[in-house]
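Written out below as structure tokens is the structure these notes cover.
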Amino acid sequence: MGEEARPNEVLIPVHDNPADIDDDEPRKKSAATRQVLATLLSCLAPLMMGFALGYSSPTIPQLEDEGKLTIEQSAWYGSIVTVGAAAGAPLAAVGVGKLGRKLTIMLSCLPFSVGWLLITSADSYIQLYAGRGLTGIGVGMASVATPLYIAEIATSDMRGTLGACFQLAVTVGVLIAFSAGSILEWRWLSNIGAIFSALLVVLMLHLPETPTWLTEKHPERQRLSRLSVGCGVGPMLMLPGNAMKSTSAMRIVQKGGCHCVNCAQLDVFIDPSSSASD
């Protein structure tokens, strides 16, 4: 019969012998797959960034031909997104700390969606300006929250590769805007942006919050992130400072009395006074 957790302790079932973890290739591959999948889904946010940045180039000639923008107004229409981005970045900086990385990415879809809908229904340059400004706020929010999210769900051996996906997604978004803009009317093109926003919300609902934020904000509840399985042996509890506490019916003590053994790229802290018996 297993031990019961004492105050400020938590029991999490994993391997009996931490040394066995290094040889568990299927689990390590499964963990890597989950990290890649989460990164690809979250990278829809930077793809939306690139789409918003590239949207003005193919649509300005159309808007000028329809008389909705003058040459002077077109200059503002193309650049006002950067003004919105300057406002969105500080908002995201607050959000990632207060609300979490995942929720901040999801909230960036709100200005994106409203902005695209304003552009779609625009009858004046004021609406076009407002729509572009709101999508700029989404750009600023996504540019802060998404790289942080990717960095905190990735293990050290994959962080560089997965982190590069952010910039790649931005360039893909610009390419989509240019390519689709060459064949679609400007209203239809903005509808694509709105679809991206709705899709991102749906996809992010199925992803976990980062282990770092969960343990910083909810240490008393010992919140678990199903993705915090850097060496493939979940569930585990990721703690601040890239440390991981785990046990196989061994007691984990949050403060003091622990020694450290290496487990893949993570530190597994085990209470030396605890028992491994169930």
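Where a number appears in this text, it was derived from the coordinates with a stated rule and is not lab data. Given the structure is predicted, the values throughout are model-derived calculations rather than measurements. Quick reminder, even Gly has a Cβ in these numbers, built from the backbone with ideal geometry, and neighbours come from all protein chains shown.
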(request) State, in angstrom, two size descriptors of the range 132-210 derived from its alpha carbons: Rg to one decimal place and Dmax to the nearest whole number. (result) 14.5, 44
(request) In Å and from the alpha-carbon atoms only, list the Rg and Dmax of the range 66-133. (result) 14.1, 45
(message) Between residue 86 and residue 157, how high is the FRET efficiency from 1/(1 + (r/R0)^6) when r is the Cβ-Cβ distance and R₀ = 35 Å? Nearest 0.05.
(response) 0.50
(message) Please compute the Kirkwood hydrodynamic radius of the range 34-210 from all pairs of different C-alpha atoms, in Å with one decimal.
(response) 16.0 Å
(message) Within a 10 angstrom radius of the beta carbon, how do 125, 55 rank from fewest other beta carbons to most?
(response) 125, 55
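How would 49, 106, 204, 141 line up from fewest to most surrounding beta-carbon atoms within 10 angstrom?
Ascending number of Cβ neighbours within 10 Å: 204, 106, 49, 141.
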(message) Along the Cα→Cβ direction, 7 angstrom out, place labels at residue 41 and residue 175. What is the inter-label distance in nm?
(response) 2.4 nm
(request) Just need the relative contact order of the range 34-210 here, percent rounded to a whole number, with Cα pairs under 8 Å and 6+ apart. (result) 40 percent
